[in-house]
1. Before anything else, pin down the relative contact order of the stretch B:1-139: Cα pairs under 8 Å, at least 6 apart, normalised by residue count, whole percent.
2. Remind me, relative contact order of chain B in percent, using alpha carbon pairs under 8 angstrom and six or more residues apart?
3. Mind checking B:161-169 for the average number of partner chain beta-carbons within 10 Å of each residue's beta-carbon?
4. Would you mind getting me the FRET efficiency between residue A:213 and residue B:182? Use the beta-carbon distance for r and R0 = 30 Å, nearest 0.05.
5. Is the shape of the stretch B:157-196 rounded, prolate or oblate, going by the alpha carbon gyration tensor and its root eigenvalues a ≥ b ≥ c, with a/c under 1.5 for rounded and a/b larger than b/c for prolate?
6. Using only Cα atoms, find the angle between the long axis of helix B:276-292 and the longest principal axis of chain B, and express it within 0 to 90 degrees, rounded to the nearest 10.
7. Fewest Cβ neighbours within 10 Å first, please rank A:259, B:263, B:27 accordingly.
8. Counting DSSP beta bridges in the protein assembly as shown, what percent are antiparallel, to the nearest 5?
């Protein structure tokens, strides 16, 4: 039976570290603050906002919300971003995306209007450049960083290990590959055009699956001794849920056949997804710390 | 015997393409221009400058040189960069680095003062972000792009192939990996902390060696059927030179033992290095073309 890599354990340790940093900042008279900019009333945005707000409150980070109507103009939104850029009491900014349809053509311009120093959710080109080059130009996306936090917490040394990332998106796969390489792993990135993914995956010591395809990670992809980080959050209509019915979230792995083989694995839910919110709050605190360095 | 992938053949094709683009631009009244900024009298800078100038002249691209004394101040250099940013007759800028010691602490600030749209030699964070994200934010470094030009010219399809890059520098290894992935190769990046590089390299269909270590690529790293791109330019004190003595440049490969095994290989000299100057000039022309798009 594999060791379960539990998000809640990682988050508990991360939260403790963050609270220590917040206490240090408050001694210096700085209260770290996250600004959430939400356009419209998208239910998943609101749900994420609630979670982030609660986590900020728990950890002593202030939250300022700027709620804009669905029909906000590009100019109005850019003015808001300009204002938060200049507001030294705000250390990190979360802008929900995708933006409404009428702003889609300007999305990149809007995203890059934010100062990368406040870009705690990696939406600017500056943050992306930082992920690639290793410079502290912004912040990496929260999900791949959550994977790294899990590896760190469980003492999984990446140096010289073969790490395989399945997926090459800019929010997970590519940054995860860069972050694993920064930890001195030898990294292979597989994607939809890879012809022998199962064989490559089987050769991994650390396997990060971010395919976003339910049941794509079968027993053919794994071997004993592996650490599997299942990043994806898919909907499994057949999976029993907590209400006694069917339909629940699930990762890429066919958990029942992968888990008995590998050495360690993150469950879904309860794995990577459980760590991302604290990573986001950690970025706000780090952004505040950078202002006093 | 392996097919030799010759830089001069690739360059000839590339030059023809560039000259066609220059002709189109000139019909629109635009003369593409490269601005070379050189600080001091470093002999390798001067040598590169001569080569780039000559290639520009051959291809119909204008060159403006700004020569600054070794003791130029940060403010003076920033003023020059600001001027070339604003000069719409200049499409691409090449600034030789490393800068003199007294500017070293400010090197990143100086590099990033350049408009990424004119950054034909990939010195800005914006260009780096573009390499990572695939956005046309600047230009990739010339050396890894020269590798791609070689693959393209010789019709080597990367889709679904296993590509292995040895080296993770920001000027070659990492960008080469991103560019191979953009061509749908499955990419593995090996580096100094990789424990089984020979074994991984042997599994590659396309092997890009950018270790920068003379004789590091031996017969143990290769197998029949492989395409080897030897990027490095090392000094081999034992290699016979054209003057009948010893001492010549060489790649990573022990050419005499690798060449008989693999399917195709770039010689050093005469391979990748022979393509980079035209890639640079191509960037200037592309930068000019972007201004009219």
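1. On the way: 161 pairs, mean separation 30.0, N = 139.
Result for the stretch B:1-139 is 22 percent.
2. Working: 569 pairs, mean separation 64.6, N = 293.
Relative contact order comes out at 22 percent.
3. Values: counts 3, 5, 1, 2, 0, 0, 0, 6, 0.
Counting other chains' Cβ atoms within 10 Å and averaging over B:161-169 gives 2.
4. Values: r = 22 Å, r/R0 = 0.72.
Efficiency, from the Cβ-Cβ distance: 0.90.
5. Values: a/c = 3.63, a/b = 1.48, b/c = 2.45.
Taking the square roots of the gyration eigenvalues as a ≥ b ≥ c, the stretch B:157-196 is oblate.
6. Helix B:276-292 sits roughly 50 degrees off the main axis of chain B.
7. Values: A:259 19, B:263 15, B:27 8.
Ordered from fewest to most neighbouring Cβ atoms within 10 Å, A:259, B:263, B:27 come out as B:27, B:263, A:259.
8. Antiparallel bridges: around 15 percent, rounded to the nearest 5.
Bear in mind these aren't lab numbers, they're just calculated from the coordinates by the rules spelled out. Small disclaimer: the values here were computed from a predicted structure and weren't measured. Here the Cβ is made from the backbone with ideal geometry for all residues, glycine too, and neighbour counts use every protein chain on show.
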